[in-house]
Each structure stands twice: as C-alpha cells, then as structure tokens.
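The values are calculated or read from the model by the stated rules, or taken from the named source; none is laboratory data. Everything quoted here is computed from the prediction, not taken from an experiment. Reconstructed Cβ throughout: ideal geometry from the backbone, glycine too, with neighbour counts over all protein chains shown.
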Amino acid sequence: MFVDFARFVRSFLRFLGGKCQSRDKLIGLEELSIEKENKFRSALRKKIKFILGFISLRLNRSYDPAAIDIVFSRNNIENLSEMADNARKLDGIISKETLLSTLAFIENPAAELERIKEEQSEEFSDPL
C-alpha cells in the first residue's frame, strides 16, 4: 500500500513543474526554520527583558519590553516574472494598493501609488 502511494507521489511530482517539485523538497527546511525562529524569538525576548530591566535600574526609567517588535526576514528566492504575471492577471479585479502589496519587492504600496501618480502628472504636464 505504501509503495503504491510513494510511486503515485513520484509520478505526480514528475508531472508537476520543477518549481513545485523544489518547493515540496523545501517543506522540511521551512518547518525547521519556523522552529528556529520561535526559539530565537523566545531567547531574544528574555535577553531584551533582562537588558531593559538593567537599564531601568540604572536610569530609574521604565521601558516596556513588549514594545519592541522582533522581525525575522527569510532570504527566499522569488520568481519575479511569475509575480509580475500574477499581478497583471489581477489588474482590475483587486485594488491597486492590494495589487502592489502582493509584490514582494514593494515595501510601502501607498507610497508607491503616490509615486505613480506623480510620474503620471509629470508626463501629462511636460510633453517632452
């Protein structure tokens, strides 16, 4: 029974493209990185709490350790042409700001919309 399922999975993965196949291979690493992030996050919270407690004693000021956000950024390889194709397909279906937020390399969609409006107004006002 298990051998049949394994054969099915292998044939299915061969049917899929290389991208899907490589993502399936990375699932274990993804789970491992999530576990590592959680351990790092708890260790950093303890360290921050200790450091802020020491600073509070020395300077007679109180600092809230919960006010510090811990953010981990993964270095994933993104297929930019696929992201652009998906954005082009979603144009007219969702709002422009939501559309820009789906693109990983745009950090602030609202600011990007403002820059687009400025560029368009400059093109209309200055015809070469």
Inside segment 83-101, can you point out the residues that are of a type outside the set (A, V, I, L, M) and within 14 Å of E112 (Cβ to Cβ)? S95, K96, E97, T98, S101
Within segment 56-74, tally of residues that are part of a loop (DSSP other than H, G, I, E, B), surrounded by fewer than 10 Cβ atoms within 10 Å (Cβ to Cβ) and under 35 Å from the mean Cα position of the chain (by Cα): 6
Test set (1) surrounded by 10 or more Cβ atoms within 10 Å (Cβ to Cβ); (2) modelled with pLDDT under 90; (3) farther than 30 Å from E112 by Cβ - I48 fails condition number: (2)
Just to be sure, is L100 closer than 27 Å to I34 by Cα, modelled with pLDDT of 85 or more, among the hydrophobic types (A, V, I, L, M, F, W, C) and part of a helix (DSSP H, G or I)? yes
